[in-house]
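Student: Okay, handing you the structure first.
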Amino acid sequence: MIDFNIRKGEEKDIPALMQHIHDLAEFEKMPEEVGVTAKTLLADWKDHKAYDFLVAEINGEVIGVSLYYPRYSTWKGRCFYLEDLIVQPHLRGNGIGLALLNATADEARKAGAIRLDWQVLDWNEDAVRFYEHIGAHIEKEWWNCKWRID
């Protein structure tokens, strides 16, 4: 096991957050879809409070991130949405993802949320196994909808 630290993201972590977003887009085979910039990430976090994030680090180097925000379920009440959970590939399997997920759940609980929601790609078998192993319910009957409104 390796020694790592989980903490709340800070302004100095925005470039690392941006790099992890690009890395995830590459992994998901959609690098051209990233439209956000470090500048908009910073403004949306700092000025608009649109999201918050946690980082996992080793010796000051960010090696994983969790980006999340509050949402509301008309059936259940306050929830949190985990937009992305990213750990550098060569460090997966060391408990970093689980630690980030647990820390995100702690942030959600502190805010009064009763549930943490997220998505997983059906072809990402490692992630599906990980989420099933921790007891997450993976819904297969709901379809995602996206409507571009700009």
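The values are calculated or read from the model by the stated rules, or taken from the named source; none is laboratory data. Please read all numbers here as calculations on a predicted model, not as lab measurements. Quick reminder, even Gly has a Cβ in these numbers, built from the backbone with ideal geometry, and neighbours come from all protein chains shown. Calculation scope for accessible area: heavy atoms of the full protein, side chains included, ligands and nucleic acids excluded. Shrake-Rupley method; radii C 1.70, N 1.55, O 1.52, S 1.80 Å.
Student: In this model, which of K8/K110; K46/K76; K12/K39; K12/K46; K29/K140; K8/K146 are farther than 18 Å apart at the alpha-carbon? Present the calculation step by step, with values, prior to reporting the outcome.
Tutor: Details: K8/K110 14 Å; K46/K76 29 Å; K12/K39 12 Å; K12/K46 12 Å; K29/K140 22 Å; K8/K146 29 Å.
Long pairs (Cα-Cα over 18 Å): K46/K76; K29/K140; K8/K146.
Student: Hey, if we sort W142, W45 by accessible area with the 1.4 Å probe, largest down, what's the order? It would help to have the intermediate numbers written out before the result.
Tutor: Numbers: W142 170, W45 45 Å².
Putting W142, W45 in descending order of accessible area: W142, W45.
Student: Right, something else. Once the Cα gyration tensor of segment 100-150 is found, what semi-axes does its equivalent ellipsoid get, as square roots of 5 times the eigenvalues, in whole Å, sorted largest first? Intermediate values should be presented prior to the final figure.
Tutor: Details: eigenvalues 92, 71, 20 Å².
Whole-Å semi-axes of the equivalent ellipsoid: 21, 19, 10.
Student: How many Å² of accessible area per residue for the chain, probe 1.4 Å?
Tutor: 69 Å²
Student: Then there's this: Per DSSP H run of n ≥ 4, the term is -39500 (n - 2.57); total these for the chain, divide by its residue number, and report the mean residue ellipticity at 222 nm rounded to 500 deg cm²/dmol.
Tutor: The helix contribution divided over the chain gives -9500 deg cm²/dmol.
Student: In nm, give the distance between the simple-model label positions of R129 and Q19, each being 7 Å from the Cα along the Cα-to-Cβ direction.
Tutor: 2.9 nm
Student: In addition: Would you work out the relative contact order for segment 1-116, in percent, from Cα pairs under 8 angstrom that are 6 or more residues apart? Before the final figure, lay out the partial values.
Tutor: Numbers: 170 pairs, mean separation 28.6, N = 116.
Relative contact order for segment 1-116 comes out at 25 percent.
Student: Quick one: if you stick a label point 7 Å off each Cα along the C-beta vector at D47 and N59, how many nm between them?
Tutor: 3.7 nm
Student: With a point put 7 Å past each Cα toward its Cβ, work out how far M1 is from T40 in nm, to one decimal.
Tutor: 4.0 nm
Student: Using 0.36 nm per residue of separation minus the Cα-Cα distance, give me the extension gain between E11 and W75 in nm, one decimal.
Tutor: Additional length available on full extension: 19.5 nm.
Student: Quick one: pull the percent of accessible area on segment 2-150 belonging to carbon and sulfur, 1.4 Å probe, ligands and nucleic acids left out.
Tutor: Using a 1.4 Å probe with all protein chains present, segment 2-150 comes out at 53 percent carbon and sulfur.
Student: Take each of the peptides 64-70, 112-118, average the number of other beta-carbon atoms within 10 Å over its residues, and list them starting from the highest.
Tutor: Working: 64-70: 22.1, 112-118: 15.9.
In decreasing order of mean packing, 64-70, 112-118 become 64-70, 112-118.
Student: Return the equivalent ellipsoid semi-axes of the chain as a descending list in whole Å, where each equals the square root of 5 times an eigenvalue of the C-alpha gyration tensor.
Tutor: Semi-axes (√(5λ), whole Å): 22, 20, 18.
Student: With a 1.4 Å probe and all protein chains in place, put D126, D84, D3 in order of accessible area, largest first.
Tutor: Listed by decreasing accessible area, they come as D3, D126, D84.
Student: A further question follows. Taking the Cα centre of the chain as origin, sum charge times position over the Cβ atoms of Lys and Arg (+1) and Asp and Glu (-1), and report the length of that vector in debye to the nearest 20. Let's see the in-between values first.
Tutor: On the way: 18 positive and 26 negative charges, 129 e Å.
Roughly 620 debye for the chain.
Student: For a protection proxy built on the mean count of beta-carbon atoms within 10 angstrom, sort 50-59, 24-33 highest first, please.
Tutor: Numbers: 50-59: 18.2, 24-33: 11.6.
Ranked from most to least packed, the peptides come out as 50-59, 24-33.
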